[in-house]
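Accompanying notes for the structure given below.
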Amino acid sequence: MNTNPETAAFPLDHLATGKNPDADALVTRSGTLSYKMLNHRIGALAAWLLEQGVDKGDRVATWLSKTELACLMPLAAARAGLVHVPVNPLLKQAQVAYIVEDSGARLLISNAGRLKTLEDSSLDANCGLFEDKNVEDALSSVTTPLEPSATGTDTGDLVAILYTSGSTGRPKGVMLSHANLTLGALSVAEYLKLAADDRTICVLPLSFDYGQNQLLSTWAAGGCAVPLDYLTPRDVMKACARERITTLAAVPPLWVQLVEHDWPEEAVASMRRLTNSGGALTPTLVKQLRTIFGPETDIYAMYGLTEAFRSTYLDPALIDDNPTSMGTAIPFAEILVVDETGAIAGPDQAGELVHSGPLVAQGYWKDPARTAERFKNAPDASRYRGTAVFSGDTVKRGADGLLYFVSRDDAMIKSSGNRISPTEIEEVTVESGLVAEAVALGVPDERLGQAIRLFVRQADCGSANESVTQELANYLKQNLPNFMHPRDIILLSEFPKNPNGKLDRNLLASMDVE
């Protein structure tokens, strides 16, 4: 691997070129594409995008399940000089409209059903809506597919905006360059030891950095990606057997479901590696995975944040003895643990995880204030000059050099691998008009990691109306994606306050709701 990031980075769409042209690159419901066909289809989609009158740097959004079109778009947009904005297919109309408007997307591609939900939205008239089937039909008539980007393309150019929830307010768009994504793909492909004969099943949403990298790192190694929209864990198992999968990435809540089933031998036989992020593995879960997949299958624990793509991984040889460790820095990353004074923390001393190096994103889209909060000059001890991202996570480095997660500083809820802003849930709840105040908290849940508990207070001071909780539950189901639905809605006549008169979230969190 070329360890010099300045020479290792290349235009993103080159991930589809330079491989065995006849090797399988992508398997979807539409069929199998070789690398030769993948490159051709990316060129055709890039040419079609430019035919829509967009200019260099314009944003194009997709709101799709894991179709061929969704998989092509990150590289096609890059080839056309555009910026891709993938939207989680689980999001509802209000969240989608916000992302499209905030990003200033000129195009949105989705299916007919999803586009119909946007008919009454306030989307800017400058954003064209295109049905995916019509786009796919149009690609067959493209006579001159766009050639791969010139090698002289500035790899610092913006190529993607990934929206992620913060602890407060609406989702924020993380700005990623060609170099961020290509170096990230090369880094992951190296430490996972991916090879040209690997077949990766992509079960995570392509709108997540971890989900999108399933495609990119596989293509960086010349392997084959198999995207899957699954309904049950058994769907994953069947696909692993059918497609002779070697690489499976998931988040802890999905692993908890997967280990509850009896895996057939044909689904296990080809598996070389399991990778985890979005929450820590437990010792019990590691043992369960080892029981199913045996000692020959490597288990990779990883930690990352969208603002820096991926930060650490644990050598699979160490996981049985250190199942809760985050490991050490991935290639092209430097990870520092910094105390409150800005000095490097000592062994076993808790401090903030700071990520520096070429994987650090370019900040938040149109949000200089929040960018300044998280993206700052790298600490003096860093070997990289320039910007570092301060994670907000408290970690410690053991005497053995391995990192361990301690806590998160903000109120972020992590459920089923999703980062959820409590403020976003609270705003939608109050907008219902059914309650005057709302507080969303994350509570431990064996299957989800954290479940959402929503405390609400009615507008009037009279007796609590229990029917409000059912009405509110129905409203939230219509206006929030499934992973944001509260498990519990607790109706209170009054919210507790601290001595300063502020809402006491800690007291709410400690309440015996039974």
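What follows is calculated from the coordinates using simple rules that are stated; it is not laboratory data. Since this is a predicted model, take the numbers as computed values, not measurements. Using ideal geometry, Cβ is built from the backbone for each residue, glycine included, and neighbour counts are taken over all protein chains shown.
Quickly work out the Glu437-to-Lys238 label distance, labels modelled 7 Å from Cα along the C-beta direction, and quote it in nm with one decimal.
Spacing of the two 7 Å Cα→Cβ label points: 5.0 nm.
Kindly flag which residue pairs out of Lys172/Lys396; Lys116/Lys238; Lys36/Lys92; Lys172/Lys193; Lys36/Lys66 have an alpha-carbon separation exceeding 30 Å in this structure.
Working: Lys172/Lys396 28 Å; Lys116/Lys238 33 Å; Lys36/Lys92 36 Å; Lys172/Lys193 33 Å; Lys36/Lys66 21 Å.
Checking Cα-Cα distances, Lys116/Lys238; Lys36/Lys92; Lys172/Lys193 exceed 30 Å.
Among the DSSP beta bridges whose two residues both lie in segment 26-153, what percent are antiparallel, rounded to the nearest 5?
20
Can you compute log10 of I(q)/I(0) for segment 26-153 with the Debye formula, treating each Cα as one identical point scatterer, at q = 0.11, 0.12, 0.15 Å⁻¹?
Results for segment 26-153 at q = 0.11, 0.12, 0.15 Å⁻¹ read -0.36, -0.43, -0.67.
What dipole magnitude, in Debye to the nearest 20, does segment 341-397 give about its Cα centre under +1 on Lys/Arg Cβ and -1 on Asp/Glu Cβ?
With Lys and Arg at +1 and Asp and Glu at -1, about 160 debye.
About its Cα centre, how strong a charge dipole does segment 26-153 have in debye, to the nearest 20, once Lys and Arg get +1 and Asp and Glu get -1 at the Cβ?
On the way: 12 positive and 14 negative charges, 92 e Å.
The calculation lands at about 440 debye.
Going by a ≥ b ≥ c, the root eigenvalues of the Cα gyration tensor, does the chain fall in the rounded group (a/c under 1.5), the prolate group (a/b larger than b/c) or the oblate group?
rounded
Let me check I've understood the local charge: for Ser103, count other residues with C-beta under 9 angstrom from its C-beta, Lys and Arg +1, Asp and Glu -1. What total comes out?
Combined, the nearby Lys, Arg, Asp and Glu give 0.
Using a 10 Å cut-off on Cβ atoms, rank the peptides 214-224, 154-164, 122-132 from the highest mean neighbour count down.
Listed from highest to lowest mean packing, they are 214-224, 154-164, 122-132.
Just for the chain, what percent of DSSP beta bridges are antiparallel, to the closest 5?
The antiparallel fraction comes to roughly 60 percent.
Using the Cβ atoms and a cut-off under 12 Å, what net charge is assigned to the surroundings of Tyr313, where Lys and Arg are +1 and Asp and Glu are -1?
Summing Lys and Arg as +1 and Asp and Glu as -1 gives 0.
I'd like to know which of Ala239, Ile319, His355 lies farthest towards the positive end of the charge dipole of the chain, counting +1 on Cβ of Lys and Arg and -1 on Cβ of Asp and Glu.
About the Cα centre, the residue reaching furthest to the positive side is Ala239.
Among the aspartates and glutamates, which have Cα under 16 Å from the Cα of Lys133 when same-chain residues fewer than 8 positions away are ignored?
Counting by Cα, and skipping residues close in sequence, Lys133 has these aspartates and glutamates nearby: Glu68.
Based on DSSP H runs of at least 4 residues, each adding -39500 (n - 2.57), what is the mean residue ellipticity at 222 nm of the chain after dividing by all its residues, to the nearest 500 deg cm²/dmol?
-8500 deg cm²/dmol
In the chain, with Lys and Arg counted as +1 and Asp and Glu as -1 at Cβ, which of these residues, Asn276, Val96, Ser30, has the Cα nearest the positive end of the dipole, that is, farthest along it?
Result: Ser30, furthest along the dipole toward the positive end.
May I ask for the net charge around Gly398, where only other residues with Cβ less than 15 Å from the Cβ of Gly398 are counted and Lys, Arg are +1 while Asp, Glu are -1?
So the environment of Gly398 carries a net charge of -2.
How big is the dipole moment of the chain about its Cα centre under a simple scheme where the beta carbon of each Lys and Arg is +1, that of each Asp and Glu is -1, and everything else is neutral? Debye, nearest 20, please.
540
For the ranges 187-195, 444-452, what's the packing order if you count other beta-carbon atoms within 10 Å of each residue, average per peptide, and put the highest first?
Ranked from most to least packed, the peptides come out as 187-195, 444-452.
Pairs of alpha-carbon atoms within less than 8 angstrom and 6+ residues apart define the contacts here; what relative contact order does the chain have, in percent? All intermediate terms of the calculation are to be shown ahead of the outcome.
Values: 1090 pairs, mean separation 59.4, N = 514.
Relative CO of the chain lands at 12 percent.
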